[in-house]
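> If you scroll down you'll find the structure; I have some questions about it.
The values are calculated or read from the model by the stated rules, or taken from the named source; none is laboratory data. Values in this document were obtained by computation on a predicted structure and should not be read as measured data. A quick note on method: Cβ atoms are made from the backbone with ideal geometry, for glycine too, and the neighbour counts reach across all protein chains shown.
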Amino acid sequence: MRIAVTSQNFRSVTGHAGRARRFIVFEVGDKGTPQEIERLDLEANMTIHGFDPRSNHPLDNMKVLITAGSGEGFIRHMAARGVQVVATAESDPAMAVAAYLAGRVISASGNCHQDQAENGDGFNDHGDDRTHECSCRS
């Protein structure tokens, strides 16, 4: 299974996933251990935000995309490509993947008991992208 993590600096998990150009790609082997296998550094025209959804994209090969923040449009767009989007508060990419594999984070598009009002810019009504105990963004 391949997991991509948004990382504009290739050191930490970053947000604004729809405009992200850099991703660290992990492969999860048979033993369930993730290993970094690739770093994607895409051209500006390859960000999902402006990419033609009818065309193939390097992120299409991923099962999961982990990010610090994304909008609902990005989540829907990636779901249509067969990629699950997961929001995390973890800053270390490898730790974020480990947390996902351990079940400590859930899909950003998953159901949540919290109010999930979002104002369209990737932030909640509080003005930030903090998470609740169920790891959703509300």
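> Give Ser91, Ser70 a once-over and let me know the one that is modelled with pLDDT of 85 or more, farther than 15 Å from Ile3 by Cα, crowded, with 20+ Cβ neighbours inside 10 Å and hydroxyl-bearing (Ser, Thr, Tyr). Let's see the steps before the verdict.
Working: Ser91 fails: crowded, with 20+ Cβ neighbours inside 10 Å.
Result of the check over Ser91, Ser70: Ser70.
> Mind listing whichever residues of segment 22-53 are of a type in the set (Asp, Glu) and closer than 18 Å to Ser12 by Cβ?
So the first thing to find is which residues in segment 22-53 are of a type in the set (Asp, Glu), and the list is 27, 30, 36, 38, 41, 43, 52.
Of everything in segment 22-53, those that are of a type in the set (Asp, Glu) and closer than 18 Å to Ser12 by Cβ turn out to be Glu36, Glu38, Asp41.
> Outside any strand (DSSP E or B), over 20 Å from Tyr100 (Cα atoms) and touching a Pro at 6+ places or on another chain (Cβ under 9 Å), is that true of His49? Explain how you work it out, then say what you get.
Working: outside any strand (DSSP E or B): yes; over 20 Å from Tyr100 (Cα atoms): yes; touching a Pro at 6+ places or on another chain (Cβ under 9 Å): no.
Against the criterion (outside any strand (DSSP E or B), over 20 Å from Tyr100 (Cα atoms) and touching a Pro at 6+ places or on another chain (Cβ under 9 Å)), His49 does not qualify.
> When residues of segment 60-87 are filtered for being under 15 Å from Gln8 (Cβ atoms) and out of contact with any Gly (no Cβ under 9 Å at 6 or more places or on another chain), how many remain?
2
> Looking at segment 4-19, can you tell me whether even one residue there is touching a strand residue (DSSP E or B) at 6+ places or on another chain (Cβ under 6 Å), farther than 15 Å from Met95 by Cβ and crowded, with 22+ Cβ neighbours inside 10 Å?
Yes, segment 4-19 contains at least one residue that is touching a strand residue (DSSP E or B) at 6+ places or on another chain (Cβ under 6 Å), farther than 15 Å from Met95 by Cβ and crowded, with 22+ Cβ neighbours inside 10 Å.
> Same structure, new question: Give segment 18-36 a look and list any residue that's of a type in the set (D, E, K, R) and over 16 Å from Met46 (Cα atoms), or say none. Quick ask: steps written out before the conclusion?
Within segment 18-36, the first condition is being of a type in the set (D, E, K, R), and the residues that meet it are 19, 21-22, 27, 30-31, 36.
Of everything in segment 18-36, those that are of a type in the set (D, E, K, R) and over 16 Å from Met46 (Cα atoms) turn out to be Glu27, Asp30, Lys31, Glu36.
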